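The values are calculated or read from the model by the stated rules, or taken from the named source; none is laboratory data. Bear in mind the structure is a predicted one, so any value in this text is a computation, not a measurement. Here the Cβ positions follow ideal geometry from the backbone for every residue, glycine too, while neighbour counts run over all protein chains shown. The protein model used for the area step is the full one, side chains on, heavy atoms only, and it has no ligands, DNA or RNA in it. Shrake-Rupley method; radii C 1.70, N 1.55, O 1.52, S 1.80 Å.
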Amino acid sequence: MRLRKKPWVVEALTGFSDIVVQNPGEELAGNWHNLFENSLPLHVELGTGKGRFITGIAKQHQGLVNFIGIEAKEEIVYCAAQKVREQELTNVQLLVFDVNEILKIFAPGELEQLYINFCDPWPKNRHAKRRLTHIDFLNKYRTVIKPGGQLWFKTDNRPLFEFSLEQFSEFGLEINAVTYDLLNSGFAGNIMTEYETKFSALGQPICRCEVIF
Ligand SMILES: C[S@@+](CC[C@H](N)C(=O)[O-])C[C@H]1O[C@@H](n2cnc3c(N)ncnc32)[C@H](O)[C@@H]1O
């Protein structure tokens, strides 16, 4: 994925240098505790979007977990950064970054948990490798997530969900808590994302599962 470089956003993001890492590099791998100034567990959301989920979950886990949001589009990171600032959260860092490069910025086994919420479905078969749940991505996640660490996945897109379950299974991962209708599943404490709010309002059922690495 080509990262967008819009000058006004780059400049606007400089005001968020305590929250946003615009050019994450290899020096961060194994050193995230320095950036957060503590050694709390690390959870990462892939394709963060405008930050509703990461700010919601970070607020609930202040002093317990550090959260890193990876988002390719700078102007979207800007929206998320505003939410982090407004809520005065100190346990969130946002990266303008491509998930494809995840192995560069995390050390092996450095992460406890991953979240993928409403990732782009890439419906054409020839684009299947771009789906964030494709086995090629799972291979990368397996390196950076510690054994027994989890991936929590949500989508409104049924074909993407079926594809993802197949990929998880093919990769030999344990799949738990599968639901095709999250809102009526009894799952407590769901934190909605921007996309989830939109699709739920349209009556679209939400699929969810938890995967253990
Ligand atoms: C459909 S949106 C969902 C946003 C948010 N998770 C939500 O549920 O509201 C997918 C987001 O993932 C980002 N994204 C897609 N591929 C990415 C990649 N390879 N690396 C980083 N971000 C990516 C897109 O820019 C977009 O903001």
Check: What are the residue pairs meeting all of these: first residue in the stretch 23-48, first residue at positive phi and within 16 Å of the ligand (Cβ to nearest atom), second residue of a type outside the set (Ser, Thr, Tyr) and part of a loop (DSSP other than H, G, I, E, B), Cβ atoms under 8 Å, and 6 or more apart or on different chains?
Finding: Gly47/Ala72; Gly47/Phe118; Gly47/Cys119; Gly47/Asp120; Gly47/Leu132
Next item on the list: Could you please let me know if Lys73 is within 9 Å of the ligand (Cβ to nearest atom), open to solvent by 20 Å² or more (accessible area, probe 1.4 Å) and closer than 29 Å to Glu162 by Cα?
Entry: yes
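Could you tell me whether Glu88 is open to solvent by 10 Å² or more (accessible area, probe 1.4 Å), more than 16 Å from the ligand (Cβ to nearest atom), at pLDDT 95 or above and outside any loop (DSSP other than H, G, I, E, B)? Give the derivation first.
On the way: open to solvent by 10 Å² or more (accessible area, probe 1.4 Å): yes; more than 16 Å from the ligand (Cβ to nearest atom): yes; at pLDDT 95 or above: yes; outside any loop (DSSP other than H, G, I, E, B): no.
Considered against the rule, which asks whether it is open to solvent by 10 Å² or more (accessible area, probe 1.4 Å), more than 16 Å from the ligand (Cβ to nearest atom), at pLDDT 95 or above and outside any loop (DSSP other than H, G, I, E, B), Glu88 comes out as no.
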Item checked: Where Pro108 falls short, out of the listed (1) in contact (Cβ under 8 Å) with a residue 12 or more places away in the chain; (2) out of contact with any helix residue (DSSP H, G or I) (no Cβ under 6 Å at 6 or more places or on another chain); (3) assigned to a loop (DSSP other than H, G, I, E, B) -> (2)
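Looking only at residues that are within 8 Å of Asn91 (Cα to Cα) and assigned to a loop (DSSP other than H, G, I, E, B) in the stretch 58-79, which one is nearest to the chain's Cα centre (by Cα)?
Looking only at the stretch 58-79, we keep the residues that are within 8 Å of Asn91 (Cα to Cα), and these are 58, 62-63, 65-67.
Adding the requirement that they be assigned to a loop (DSSP other than H, G, I, E, B) leaves 62-63, 65.
Values: Gln62: 18, Gly63: 20, Val65: 14 Å.
Only one residue tops the list, namely Val65.
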Check: How about the stretch 168-213: which of its residues are surrounded by 12 or more Cβ atoms within 10 Å (Cβ to Cβ), within 14 Å of the ligand (Cβ to nearest atom) and not in a loop (DSSP other than H, G, I, E, B)?
Finding: Leu182, Glu194, Tyr195, Glu196, Lys198, Phe199, Ser200, Cys207, Arg208
